[in-house]
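Below is the structure I would like to discuss, written out as structure tokens.
Read the figures in this text as sums done on the coordinates, not as results from a lab. Being a predicted model, the structure only gives us computed values, none of them experimental. Ideal geometry is used to build each Cβ from the backbone, glycine not excepted, and the neighbour counts take in all protein chains shown.
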Amino acid sequence: MKKTTTAIAFSAFIMISQPGWSACSEPSQPNLPDPSTAVTPEMVKAKKEVKQYLADADRYLNCKRLNTRQHNAMVDKMQALANNFNQIIRQYKERQGS
């Protein structure tokens with residue numbers, strides 16, 4: 001019995017530690033900087049985090065069997081984040097005089 005329990009626990013650990021496993025959970029949206037106070041390193045970091053979020057969200061959409069409403073809601077979240085970040089970039093550049 002102890003060997004069976006150990007084998008099951010080990011199998012669960014292997015499944016959880018697989019790279020594809022995390023792709024099947026909805027990613028958390030990154031925190032976006034305040035464009036009125038952000039400095040360049042913060043903007044670069046945010047850009048990387050947004051790109052990673054969108055890639056993770058895309059993997060999530062392809063991994064999960066979502067109904068149409070769930071799928072569309074996730075796509076809406078992705079678009080809203082991208083639009084919000086683009087607005088932040090415009091405000092940041094305006095503040096920088098770019």
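Report the net charge of residues surrounding Gln52, where surrounding means a beta-carbon distance below 13 angstrom and charges are Lys +1, Arg +1, Asp -1, Glu -1.
Net charge around Gln52: +2.
While we're here: Suppose R0 equals 35 Å. What FRET efficiency, 1/(1 + (r/R0)^6) with r the Cβ-Cβ distance, do Arg90 and Asn62 give to the nearest 0.05?
Efficiency, rounded to the nearest 0.05: 0.70.
Per residue of the stretch 82-98, what does 6.51 cos²θ - 1.76 cosθ + 1.60 with θ = phi - 60° give for ³J(HN,Hα)? Whole Hz please, x for Gly and Pro, Karplus curve as stated.
These are the phi-based 3J(HN,Hα) values: 4, 5, 4, 5, 4, 5, 4, 4, 4, 5, 4, 5, 4, 5, 7, x, 7 Hz.
Measuring from the lowest to the highest alpha carbon on each principal axis, how far does the stretch 25-96 reach, largest first, in angstroms?
Answer, in whole Å and largest first: 44, 18, 12 Å.
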